[in-house]
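The values are calculated or read from the model by the stated rules, or taken from the named source; none is laboratory data. Please read these numbers as outputs of a predicted model, since none were measured by experiment. Glycine gets a Cβ as well: all are built from the backbone with ideal geometry, and neighbour counts include every protein chain shown.
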Amino acid sequence: MIAVATSETVSASEGFNAPGPSSFELPPVFHIGDLGVTKPMLLIVLSAVIIIAVAVVMSRKAEVVPGRLQFAGEYVYGFVRNSVARDNIGSEHFMKFVPYLFALFLFVLVNNYFGVIPFIEFPTMSRIGYVIALAAITWFVYNIVGIIKHGPWGYLKLQTVPGGMKGPILLLLVPLEFFSNILVRPVTLTLRLFGNMFAGHLLLILFSTGGAYLILDAGNPFYGAVGVVSFLLGIAVSFLEMLVMFLQAYVFTLLTAMYIGGALVDEH
Amino acid sequence: MEGSLNMIGYGLAAVGPGIGIGLIFAAYINGVARQPEAQARLQSIAILGFVLAEALAIIGIALAFVLPI
């Protein structure tokens with residue numbers, strides 16, 4: 001990404017082209033018929049292959065005393081199962097949802113970390129279409145398990161009528177709760193992951209292309225010194241991004257578990 | 001100078017969530033300092049509050065790019 005963006009900047013040579021949303025619209029790598037296959041499409045397939053391969057290798061020779069790889073796999077699995085699924089869904093029903101949550105966590109995590117892995121350097125989730133699909137799956141899962149448990153009417157009542165509320169205040173509360181619990185949740189779930197990945201990667205592009213421009217093209221040694229500072233800041237921001245990438249994968253899984261737990265809770 | 005007024009608007013819109021996230025983590029640190037054994041319980045609440053406050057800033061950045069100048 002850095003190399004590509006730098007050559008664009010150099011060839012422009014009419015001042016600095018600030019990166020924007022168009023920096024994320026990559027040309028197709030190759031075509032299958034009329035369908036152009038772009039980099040994020042390849043990356044999302046690659047992430048699935050990586051996750052399946054690592055999971056198979058980690059669990060193939062499972063022993064009572066775990067080896068190093070098995071320990072790492074069990075650590076991640078235990079983290080999702082105990083501190084995400086069990087604490088938020090409740091010890092009665094949580095095991096049914098652990099496979100989904102575990103797959104979701106790894107999928108988002110690996111796709112996020114593509115943003116800082118050298119030579120890949122593109123977080124798949126900075127294209128909003130992929131995030132919309134994930135958020136839609138979560139939306140369907142928590143609504144459908146709620147409807148199965150409480151029935152359509154009971155589920156609607158659970159999600160829209162806050163406990164212990166009576167009288168005319170419900171006229172105000174019910175539409176508001178419906179709006180917030182059914183309509184806004186998938187939107188914020190999508191925008192949070194997309195926005196973080198998009199903004200974080202944009203920041204990295206800005207620091208690296210800006211630094212390259214100041215050092216190579218600005219033609220002023222003082223600007224060159226500022227360019228070095230820009231590169232150093234870019235490195236610092238990369239570390240911050242690694243933290244954010246993990247946090248967003250965790251938060252996406254955590255919110256999914258919370259929504260499922262909220263849909264399964266017994267009536268007040 | 002060129003640029004979009006949206007970006008200034010986004011900068012202003014990010015002030016609110018910034019203060020909010022600061023308050024949330026200040027409360028979390030206070031809670032852990034007073035009662036270190038409650039850390040695990042407080043952590044998930046703090047992160048939940050953080051993501052809800054952060055959602056406002058993220059909606060802001062989405063609108064800053066989406067809305068016409």
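Only a single criterion out of (1) more than 9 Å from chain A (Cβ to nearest Cβ); (2) buried (at least 16 other Cβ atoms within 10 Å of the Cβ); (3) acidic (Asp, Glu) is not satisfied by residue B:54, namely (1). Just one of the listed residues (A:240, A:255) is under 27 Å from residue A:76 (Cβ atoms) and either touching a strand residue (DSSP E or B) at 6+ places or on another chain (Cβ under 8 Å) or surrounded by fewer than 15 Cβ atoms within 10 Å (Cβ to Cβ) (or both), and it is A:240.
To keep it simple, each residue is scored yes or no on (1) touching a residue at least 60 places away in the same chain (Cβ under 8 Å); (2) buried (at least 16 other Cβ atoms within 10 Å of the Cβ); (3) within 14 Å of chain B (Cβ to nearest Cβ); (4) touching a Phe, Trp or Tyr at 6+ places or on another chain (Cβ under 6 Å).
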position: A:185; (1), (2), (3), (4): yes, yes, yes, no
position: A:188; (1), (2), (3), (4): no, yes, yes, no
position: A:192; (1), (2), (3), (4): yes, yes, yes, no
position: A:198; (1), (2), (3), (4): yes, yes, yes, no
position: A:204; (1), (2), (3), (4): yes, yes, no, no
position: A:207; (1), (2), (3), (4): no, yes, no, no
position: A:211; (1), (2), (3), (4): no, yes, no, yes
position: A:229; (1), (2), (3), (4): no, no, no, no
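Suppose we filter B:60, B:49, B:22 for residues that are loosely packed, with under 14 Cβ neighbours inside 10 Å, under 13 Å from the mean Cα position of the chain (by Cα) and not basic (Lys, Arg); which single one remains? None of the others qualify; the one that does is B:22. The lone criterion from (1) part of a helix (DSSP H, G or I); (2) under 31 Å from the mean Cα position of the chain (by Cα); (3) exposed (fewer than 13 other Cβ atoms within 10 Å of the Cβ) left unmet by residue A:225 is number (2).
If you check residue A:263 against the conditions, is it surrounded by 16 or more Cβ atoms within 10 Å (Cβ to Cβ), within 14 Å of chain B (Cβ to nearest Cβ), in contact (Cβ under 8 Å) with a residue 12 or more places away in the chain and small (Gly, Ala, Ser)?
So residue A:263 fails the test.
Being over 16 Å from residue A:187 (Cβ atoms), within 11 Å of chain A (Cβ to nearest Cβ) and without any contact (Cβ under 8 Å) to a residue 60 or more places away in the chain is not true of residue B:25. Apart from one condition, residue A:163 fits all of (1) assigned to a helix (DSSP H, G or I); (2) surrounded by fewer than 17 Cβ atoms within 10 Å (Cβ to Cβ); (3) not β-branched (Val, Ile, Thr); the exception is (1). Just wondering, is there one or more residues in the range A:134-156 that are within 14 Å of another protein chain (Cβ to nearest Cβ) and either more than 18 Å from the chain's Cα centre (by Cα) or closer than 29 Å to residue A:231 by Cβ (or both)? Checked the range A:134-156: no residue is within 14 Å of another protein chain (Cβ to nearest Cβ) and either more than 18 Å from the chain's Cα centre (by Cα) or closer than 29 Å to residue A:231 by Cβ (or both). Please give the number of the condition residue A:27 fails out of (1) of a type outside the set (Phe, Trp, Tyr); (2) touching a Phe, Trp or Tyr at 6+ places or on another chain (Cβ under 7 Å); (3) modelled with pLDDT of 80 or more. Unmet condition: (2). So which of A:245, A:197 is part of a helix (DSSP H, G or I), within 26 Å of residue A:86 (Cα to Cα), of a type in the set (A, V, I, L, M, F, W, C) and within 17 Å of the chain's Cα centre (by Cα)? Being part of a helix (DSSP H, G or I), within 26 Å of residue A:86 (Cα to Cα), of a type in the set (A, V, I, L, M, F, W, C) and within 17 Å of the chain's Cα centre (by Cα) holds for just one of A:245, A:197, which is A:245.
With the condition kept exactly as written, say whether any residue in the range A:179-190 is of a type in the set (S, T, N, Q) and within 18 Å of residue A:250 (Cβ to Cβ). Within the range A:179-190, one or more residues are of a type in the set (S, T, N, Q) and within 18 Å of residue A:250 (Cβ to Cβ). I need the full set of residues from the range A:77-97 which are closer than 21 Å to residue B:43 by Cα, crowded, with 16+ Cβ neighbours inside 10 Å and either acidic (Asp, Glu) or more than 14 Å from every other protein chain (Cβ to nearest Cβ) (or both), in order please. Once the filter is applied, which keeps residues that are closer than 21 Å to residue B:43 by Cα, crowded, with 16+ Cβ neighbours inside 10 Å and either acidic (Asp, Glu) or more than 14 Å from every other protein chain (Cβ to nearest Cβ) (or both), the range A:77-97 yields A:77, A:81, A:87, A:94.
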